[in-house]
């Protein structure tokens, strides 16, 4: 990656770590503590989805939420009760759009070799993608040992964007899912996917106390794909506010950014 970050000295973000990258050129437009290794919470589920899809699962296979999928560590809430059955396709959608931890756990538990083999595959995939500062302990992100840097996560978002189902499910605004005898409404955890002023290709949020609020996206500005990574923000809407600040900054500085890239010999 090369850097055009000198155009970004007037951009001030509240997130503790951040990076903004022009995906066409690989140029870094803005960065802040981008190499600091921090917990990433449910941003983890992008890797969970890639490892699952790499295994070429039968998407119509039925899976059942088991007691092993219940979070006895953080005691996070879930509307998927033990005994709930749905297809791999449906569980993947809920894991990505609504960050359903029990769905992510069930998907990993049914991987060939079980959850331990799945976690090993996540770490191997990180190495293949060149994510040298990224480690995974579980498929949900509930453990703070799931850690990475903003720079690594930008690569992970770019990789995830190559999977059609990840693009579809992470940008689905809302879904009605049959759970037992009830039809439940699940919403995307990123409110920006509902905003018509945003064109988002990939999205994932995350939160545990150790990680703060996290948001990663591939979004389009001036018909150019741009990767945004925002980590360790405090305040419920801080990542959304930072995203809006980035959007406004890019609109205001688009000509100067393109000029910098042209001067550096990037087409």
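The values are calculated or read from the model by the stated rules, or taken from the named source; none is laboratory data. All values reported here derive from a predicted model rather than from experimental measurement. Don't worry about glycine lacking a Cβ; one is built from the backbone with ideal geometry, like all the others, and counts go over all protein chains shown.
Looking across the range 194-229, the residues that are over 17 Å from residue 161 (Cα atoms) and touching a strand residue (DSSP E or B) at 6+ places or on another chain (Cβ under 7 Å) come down to 206, 207, 208, 210, 211, 212, 213, 214.
Restricting attention to the range 159-193, which residues are assigned to a helix (DSSP H, G or I), touching a strand residue (DSSP E or B) at 6+ places or on another chain (Cβ under 6 Å) and within 17 Å of residue 47 (Cβ to Cβ)?
Across the range 159-193, the qualifying residues are 160, 167, 170.
Of all the listed residues (246, 208, 166), the sole one being within 18 Å of the chain's Cα centre (by Cα) and farther than 20 Å from residue 18 by Cβ is 166. The requirement of being crowded, with 24+ Cβ neighbours inside 10 Å and farther than 23 Å from residue 20 by Cα is not satisfied by residue 145. Working only within the range 21-48, note down all residues that are closer than 15 Å to residue 215 by Cβ and in a helix (DSSP H, G or I). Result: 41, 42, 43, 44, 45, 46. When residue 256 is tested against (1) in contact with a strand residue (DSSP E or B) (Cβ under 9 Å, 6 or more places away or on another chain); (2) in a helix (DSSP H, G or I); (3) within 18 Å of residue 31 (Cβ to Cβ), only condition (1) is not met. Looking at the range 1-20, can you tell me whether even one residue there is closer than 20 Å to residue 164 by Cβ and at pLDDT 95 or above? No, because not a single residue in the range 1-20 is closer than 20 Å to residue 164 by Cβ and at pLDDT 95 or above. Every residue in the range 120-136 that is outside any loop (DSSP other than H, G, I, E, B), surrounded by fewer than 18 Cβ atoms within 10 Å (Cβ to Cβ) and touching a residue at least 12 places away in the same chain (Cβ under 8 Å), please. Result: 123, 135. Put simply, of 132, 149, 98 the only residue that is modelled with pLDDT of 95 or more and either touching a helix residue (DSSP H, G or I) at 6+ places or on another chain (Cβ under 8 Å) or over 30 Å from residue 28 (Cα atoms) (or both) is 132.
Within the range 75-119, restricting attention to residues that are part of a loop (DSSP other than H, G, I, E, B) and within 23 Å of residue 201 (Cβ to Cβ), the residue that is farthest from the chain's Cα centre (by Cα) is 100. The residue pairs whose first member lies in the range 238-267 and is buried (at least 18 other Cβ atoms within 10 Å of the Cβ), whose second member is part of a helix (DSSP H, G or I) and at pLDDT 90 or above, and whose beta carbons are closer than 7 Å, counting only pairs six or more residues apart or on different chains, are 240/191; 240/192; 243/192.
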